[in-house]
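A quick write-up on the structure given underneath.
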Amino acid sequence: MSIITARSVTKKYLIAEKNPGIKNTFKHFFSRRMSEIMAVDQIDFDINQGEMVGFIGSNGAGKTTTLKMLCGLIYPTNGSIQVAGYTPVLRQKQFLRQITLVMGQKQQLIWDLPPLESIKVNAAIYGLTDREATKRIDELASMLELNTELSRPVRKLSLGERMKAELLVALLHRPSILFLDEPTLGLDINSQIRVRKFLAEYNNKYEATILLTSHYMGDITSLCKRVLLIHNGTLFHDGTLNDLTDKLSPSRYVQIELRESYPKSNFEVFGTVVVHDGCLVKVLIPKAEFSETLSLILTTYPVKDLEVSEPPIEQLIGNILKQGSL
């Protein structure tokens with residue numbers, strides 16, 4: 001059952017243009033020249049309850065604008081949005097109790113106070129009793145591996161600790177829909193892994209719906225089976241990550257370690273030779289010919305070791321965003 005529905009959603013901005021200089025500043029004050037920017041262009045998608053969906057694209061593609069429309073922070077120029085049966089822009093209380101928005105580049109914790117103080121303020125805002133608030137804080141702190149960090153001033157916390165505390169305060173009211181914008185931004189690899197583990201656990205425990213944007217493909221590949229790929233405000237792909245990989249990559253890499261060295265020309269008949277270094281050969285083989293070609297290699301050459309891999313998803317998506325089409 002769809003819990004988030006977007007139909008022909010469009011967002012346009014009018015931007016005032018001004019040339020540099022005092023003269024142009026005065027001219028701009030009395031007569032402004034405006035231009036139109038299309039941030040989001042007629043996108044359609046549905047997200048079911050309990051789904052974890054990756055929302056990917058380059059900077060300025062329209063990801064954050066879309067998240068803000070889904071939360072009701074800005075209104076769409078055209079189209080309609082329904083989240084949990086509510087129209088987000090109306091910002092009804094029952095709607096706000098069901099959602100949360102976490103932005104990796106912004107914070108809601110008070111810089112000079114311990115996170116626990118901000119958390120208790122949020123508990124009061126959402127009408128939680130002291131007993132219920134304490135229970136939820138303990139539960140989320142355990143899931144996020146937070147202990148004494150909640151009692152130290154926010155400015156004394158590392159970036160990873162602060163991000164986990166941000167997640168705790170954002171999820172205290174136990175929302176069923178999470179909009180996460182770069183939640184692992186700037187975190188080291190261990191902190192990223194802990195945040196991913198927490199999100200997977202929260203999704204499994206509370207059947208929460210999660211829409212996640214990230215420039216770290218590790219976040220997407222480890223958490224999301226389905227992805228939305230947006231570019232210049234237009235939705236390019238809505239489907240599984242595997243389907244996207246198949247669309248973008250018609251070939252596979254085969255890395256072969258041989259018992260003796262052979263000329264590079266011997267392997268060019270199989271595909272594109274990417275690496276040829278003594279006994280190590282790496283070939284890009286079309287998927288349509290993959291089984292037959294691999295069998296031929298194994299029967300023709302003394303193979304010591306063999307590894308098959310897909311081209312990195314970051315590279316594939318980067319290429320498609322440069323081309324501007326699938």
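The values are calculated or read from the model by the stated rules, or taken from the named source; none is laboratory data. All values derive from a computational prediction rather than experimental measurement. With ideal geometry, Cβ positions are generated from the backbone for all residues, glycine too; neighbour counts draw on all protein chains shown. The accessibility values were calculated without ligands, DNA or RNA, using every heavy atom of the protein model including side chains. Shrake-Rupley method; radii C 1.70, N 1.55, O 1.52, S 1.80 Å.
Any residue in region 6-19 that is outside the structural domain of Pro183 (by TED's automatic domain parsing), of a type outside the set (D, E, K, R) and outside any strand (DSSP E or B)?
Scanning region 6-19, I find at least one residue that is outside the structural domain of Pro183 (by TED's automatic domain parsing), of a type outside the set (D, E, K, R) and outside any strand (DSSP E or B), so the answer is yes.
Please verify whether region 26-41 includes one or more residues that are modelled with pLDDT of 95 or more and part of a loop (DSSP other than H, G, I, E, B).
No: zero hits.
Quickly run through region 265-295 and pick out the residues that are touching a Leu at 6+ places or on another chain (Cβ under 9 Å) and of a type in the set (Phe, Trp, Tyr).
The one that is touching a Leu at 6+ places or on another chain (Cβ under 9 Å) and of a type in the set (Phe, Trp, Tyr): Phe270.
So which residues in region 65-103 are among the polar types (S, T, N, Q), surrounded by fewer than 19 Cβ atoms within 10 Å (Cβ to Cβ) and outside any loop (DSSP other than H, G, I, E, B), if there are any at all?
Correct list: Asn78, Ser80, Gln82, Gln94.
Which of (1) over 30 Å from Arg194 (Cβ atoms); (2) open to solvent by less than 50 Å² (accessible area, probe 1.4 Å); (3) touching a Gly at 6+ places or on another chain (Cβ under 8 Å); (4) not small (Gly, Ala, Ser) is the odd one out, the single condition Asn232 does not satisfy?
The single condition Asn232 does not satisfy is (2).
Have a look at Ile110, Ile81, Ile74, Ile43 and point out the one that is within 30 Å of Ser151 (Cβ to Cβ) and out of contact with any His (no Cβ under 9 Å at 6 or more places or on another chain).
Values: Ile81 fails: within 30 Å of Ser151 (Cβ to Cβ); Ile74 fails: within 30 Å of Ser151 (Cβ to Cβ); Ile43 fails: within 30 Å of Ser151 (Cβ to Cβ).
Every option except Ile110 fails the conditions.
Answer yes or no as to whether Ala208 is hydrophobic (A, V, I, L, M, F, W, C) and within 22 Å of Ile47 (Cα to Cα).
yes
With out of contact with any Phe, Trp or Tyr (no Cβ under 7 Å at 6 or more places or on another chain), surrounded by fewer than 19 Cβ atoms within 10 Å (Cβ to Cβ) and at pLDDT below 95 as the only criterion, which of Asn48, Asn19 stands out?
Asn19
Only one of Arg259, Arg226 is open to solvent by 70 Å² or more (accessible area, probe 1.4 Å) and either in the same structural domain as Met69 (by TED's automatic domain parsing) or touching a strand residue (DSSP E or B) at 6+ places or on another chain (Cβ under 6 Å) (or both). Can you tell me which?
From the options Arg259, Arg226, the qualifying one is Arg259.
In the list Ser291, Ser295, which residue meets the criterion of being open to solvent by 70 Å² or more (accessible area, probe 1.4 Å) and outside any strand (DSSP E or B)? Give the derivation first.
Working: Ser295 fails: open to solvent by 70 Å² or more (accessible area, probe 1.4 Å).
Sole residue among the options that is open to solvent by 70 Å² or more (accessible area, probe 1.4 Å) and outside any strand (DSSP E or B): Ser291.
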